[in-house]
């Protein structure tokens, strides 16, 4: 799927269509699964779940991949989709019919990250979408309130417990960029939750987001199946269905949306997004202690130190930390497969728009790569 014209495998397309049409049935099966496991779930505790969320193209995938290598963690995998609603039964069957050969291929983004059916991916959003029908509307990802939908709380909590139970692990790792505006709600559910939020130099970040947006925009024009697949899997970051993540500031969001099709619209989005995240974190003392925010560039240039901070914040033991560190510290680099093709004037404009938050994190016109 790394070709210029992305394709959705026929089998995956059919299974996704079935899931979309039969979603009430899948939800019911998930509840039946929980009923069968009610005694085991009653004795299963969700401890310090880890949520990796930020703007796309900020390093969330590689960070999630690194965390997924820890012996104690469980997570959603590529092979879980489209039926993510019955994780226990699906994993139980897979464990008894293991895949003999594991083939890695570059993911559809074409960004050097190699994945297979066991790789971590962001499919939790499928569950949020199933319960909150209007969560993705008006070009925005809205802020849901789980407490207004008790069935969701039960289903979601049981879902994580079933992931822990079937894998035999103790810590749940979730990659889902849309959880960024739900951090307070997640803390209400799991007061000891940990959040990992990378930030990236705005010039490089805007270039990367624009590149991916154009890639999926063209793919969707050539193949409508791409858009349907992205929507079903809860991905609205790029392409014709692109939307911004809402924090409730309608005036500022409309200002971003008015320029969403322009290069500087991405810069406005970066500035708005990280300002809102910063304000959200500072508005709540519990959230402040639950969040680790760091620069993507530090992960690339000072891998060992940054990984140490991440693992310490997540309270993950060092059972196989040395192995993980040695696996990544000499291979993580800033992207070299494309270059920033902005004029000096465009770079200056990006830095002007993003100045407030860029300066706060030590970014300037001269230290992009």
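The values are calculated or read from the model by the stated rules, or taken from the named source; none is laboratory data. What you see is a predicted model, and the numbers here were worked out from it, not measured in a lab. Cβ sites come from the backbone with ideal geometry, for glycine too, and all protein chains shown count toward neighbours.
The residues of the stretch 173-186 that are crowded, with 18+ Cβ neighbours inside 10 Å and either assigned to a helix (DSSP H, G or I) or free of Cβ contacts under 8 Å to residues at least 60 places away in the same chain (or both), listed by number, are 177, 178, 179, 180, 181, 182, 183, 186.
Looking across the stretch 237-247, the residues that are part of a loop (DSSP other than H, G, I, E, B) and in contact with a helix residue (DSSP H, G or I) (Cβ under 8 Å, 6 or more places away or on another chain) come down to 237, 238, 239, 240, 241, 242, 246, 247. Among all residues of the stretch 8-15, there is at least one that is closer than 30 Å to residue 200 by Cβ and either buried (at least 19 other Cβ atoms within 10 Å of the Cβ) or in contact (Cβ under 8 Å) with a residue 60 or more places away in the chain (or both). Being at pLDDT 95 or above and within 24 Å of the chain's Cα centre (by Cα), is that true of even one residue in the stretch 336-357? Yes; the residues of the stretch 336-357 include at least one that is at pLDDT 95 or above and within 24 Å of the chain's Cα centre (by Cα).
Residue-by-condition table, conditions (1) assigned to a helix (DSSP H, G or I); (2) farther than 20 Å from residue 284 by Cβ; (3) touching a helix residue (DSSP H, G or I) at 6+ places or on another chain (Cβ under 9 Å):
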| position | (1), (2), (3) |
| --- | --- |
| 154 | yes, yes, yes |
| 188 | yes, no, yes |
| 204 | yes, yes, yes |
| 208 | yes, yes, no |
| 225 | yes, yes, yes |
| 235 | no, yes, yes |
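Before we move on, is residue 144 closer than 26 Å to residue 59 by Cα, part of a loop (DSSP other than H, G, I, E, B) and without any contact (Cβ under 8 Å) to a residue 60 or more places away in the chain?
In short, yes.
Close contacts from the stretch 77-88, counting a first residue that is under 13 Å from residue 234 (Cβ atoms) and a second that is surrounded by fewer than 21 Cβ atoms within 10 Å (Cβ to Cβ) and at pLDDT below 90, with Cβ to Cβ under 7 Å and a gap of 6+ residues or different chains, come to 80/90. For the stretch 339-366, filtering for residues that are under 18 Å from residue 266 (Cα atoms) and in a loop (DSSP other than H, G, I, E, B) leaves 9. When restricted to residues that are under 25 Å from residue 243 (Cα atoms) and in contact with a helix residue (DSSP H, G or I) (Cβ under 7 Å, 6 or more places away or on another chain), the stretch 163-186 contains 11. Just so you know, in the stretch 325-335 the residues that are in a loop (DSSP other than H, G, I, E, B) and under 24 Å from the mean Cα position of the chain (by Cα) include one that is surrounded by the fewest Cβ atoms within 10 Å (Cβ to Cβ), and it is 331.
Among the residues examined, residue 229 does not qualify as closer than 29 Å to residue 368 by Cβ and either at pLDDT 90 or above or crowded, with 16+ Cβ neighbours inside 10 Å (or both).
The number of residues in the stretch 25-65 that are at pLDDT 95 or above and either surrounded by fewer than 16 Cβ atoms within 10 Å (Cβ to Cβ) or part of a helix (DSSP H, G or I) (or both) comes to 20.
Just one of (1) surrounded by 11 or more Cβ atoms within 10 Å (Cβ to Cβ); (2) touching a residue at least 40 places away in the same chain (Cβ under 8 Å); (3) out of contact with any strand residue (DSSP E or B) (no Cβ under 9 Å at 6 or more places or on another chain) fails for residue 341. It is (1).
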